[in-house]
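Here, each number is a calculation from the coordinates, and none is a lab measurement. These numbers come from a predicted model, not from an experiment. Here the Cβ is made from the backbone with ideal geometry for all residues, glycine too, and neighbour counts use every protein chain on show.
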Amino acid sequence: MVKIADELVQLANHRQACERITIINNHLEIWHDSCIDSMEPKGILIVIELILHLLLLAVVIFGLAQALPGIYIADYGTAVLVAIVYGLINITLGTVLKVLAIPFIIITVGVFLLLINTFLLWLTDQLMEDFEIEDMGTTFLAAIMITLADTFLGWIL
């Protein structure tokens, strides 16, 4: 009888141990699943979106160079470089200028942003050898077109 009681105690202990292992295993599975969910390729999608955005912006810049007199660009590769340089300048210097110009942007209902973007495009023109814009009027017109295209690309991507 004592032997049966000991076996029942061992069985109960074994069952409790199995239940604990099952609970721990369930927690590990939930943790594992949440880790896998958090490792979804969101970062990869953002990078792909950025690359696609830059390539499409390069198409716009290359098309503007073909359509507008006064803009010279060597080839599509140069247009990609212009899009990258313009994007970097816009993110760094453009952000600073936009923050400093908030009162003017508010007073002009956003029109002052076009002047900032014109300046940034002119600066890109000065930095790139195979990208030339003849005058400020053409730069202003190109800045309007690039800003509209960039905004549209931001909406669809």
>> Could you derive backbone 3J(HN,Hα) for the stretch 111-117 from the dihedral phi with the Karplus parameters 6.51, -1.76 and 1.60 (θ = phi - 60°), listing whole Hz in sequence and x where the residue is Gly or Pro?
In response: 5, 4, 4, 5, 5, 5, 5
> To the nearest 0.05, how large is the calculated FRET efficiency for LEU52 and THR108 if R₀ is 30 Å and r is the Cβ-Cβ distance?
Replying inline: 0.40
>> Test of understanding: what is the full-extension gain from THR151 to LEU100, defined as 0.36 nm times their sequence separation minus their Cα-Cα distance?
In response: 16.2 nm
>> Give the residue list of GluC sites (Glu not before Pro) in the stretch 114-146 that are DSSP loop and have at most 11 other beta-carbon atoms within 10 angstrom.
In response: GLU129
> At a Förster distance of 35 Å, what's the computed FRET efficiency of LEU68 paired with THR92, Cβ-Cβ distance as r, to 0.05?
Replying inline: 0.85
